[in-house]
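Colleague: Structure provided below as structure tokens; questions to follow.
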Amino acid sequence: MAFCMSIFLLNPHSSKAESPAKTQSVVGSTNISIVLPDLIILHYYSGLTLNFEEFSSAEDRRSADFDVQWNGDAESTSQLNDENTEIDLPDRVSLQLPNVWAIRGLSPSGNAKVSISLNNNVLTSGSSRIIIEEGEGNIQIEDNAGHSGTTINTSLKGITSSEATIGNVRITLNFSETTKAGLHTGGQYKITAETI
């Protein structure tokens, strides 16, 4: 009996059943709110060079008869003048500059106001001048979604580059004071984009 007792004392747990470990857990849920500020990104070119196509024309006015005196004076009823030297080359050209600006961002309405104005409407090369015409229809912004004018409201579709709103600029150039070929500089327009 002393032998059995000594076995029991050496292994006191041998007669008890193993009890499972008790676990406890608690759960807490956190609501997240995010406040985003108005955000707008404008992509634009700080410099544009417009290279017009080369143009040459030889206009045959058929023939002309001259009455010549022995002192060298000559007269003709068929003389070149303002009326018969006109060709199909306008002195005013309205052109669209495609995809020269883009915006992306966030606003409370999901829209932005984009406007254009002229900082300087005269390009010069010495005494030769090219005038950018001012006023509605002569200088305007377009968003490729049917909105055009000096100021438009257009969509802001988010901040990713693939969702940018891309647009054009339309300008009217007046060449009535242009007397030289070559580079004319100094014209400048400004695009302003605002969240609304």
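Colleague: If a residue must be open to solvent by 80 Å² or more (accessible area, probe 1.4 Å) and touching a Ser or Thr at 6+ places or on another chain (Cβ under 6 Å), how many such residues does the stretch 138-182 contain?
Modeller: Matching residues across the stretch 138-182 total 3.
Colleague: Okay, next question. When both residues are 6+ apart or on different chains and their Cβ atoms are under 6 Å apart, which pairs have a first residue that lies in the stretch 120-135 and is within 18 Å of VAL169 (Cβ to Cβ), and a second that is open to solvent by less than 30 Å² (accessible area, probe 1.4 Å) and of a type in the set (S, T, N, Q)?
Modeller: If the second residue must be open to solvent by less than 30 Å² (accessible area, probe 1.4 Å) and of a type in the set (S, T, N, Q), the pairs left are ILE131/ASN174; GLU133/THR172; GLU133/ASN174.
Colleague: Take the stretch 185-196 and flag every residue that is open to solvent by less than 60 Å² (accessible area, probe 1.4 Å) and either among the polar types (S, T, N, Q) or closer than 16 Å to GLY47 by Cα (or both).
Modeller: GLY186, GLY187, TYR189, ILE191, THR192, THR195
Colleague: A follow-up question, please. Going through GLY167, GLY182, GLY158 one at a time, which residue ends up being in contact (Cβ under 8 Å) with a residue 24 or more places away in the chain, of a type outside the set (Phe, Trp, Tyr) and closer than 19 Å to SER46 by Cα?
Modeller: Result: GLY167 is the single residue among GLY167, GLY182, GLY158 that is in contact (Cβ under 8 Å) with a residue 24 or more places away in the chain, of a type outside the set (Phe, Trp, Tyr) and closer than 19 Å to SER46 by Cα.
The values are calculated or read from the model by the stated rules, or taken from the named source; none is laboratory data. Note that the coordinates shown come from a computational prediction; the quantities given were computed from them, not determined experimentally. Every residue, glycine as well, gets a Cβ built from its backbone with ideal geometry; the counts of neighbours run over all protein chains shown. Please note that ligands, DNA and RNA were not included when accessible areas were found on the heavy atoms of the full protein model with its side chains. Shrake-Rupley method; radii C 1.70, N 1.55, O 1.52, S 1.80 Å.
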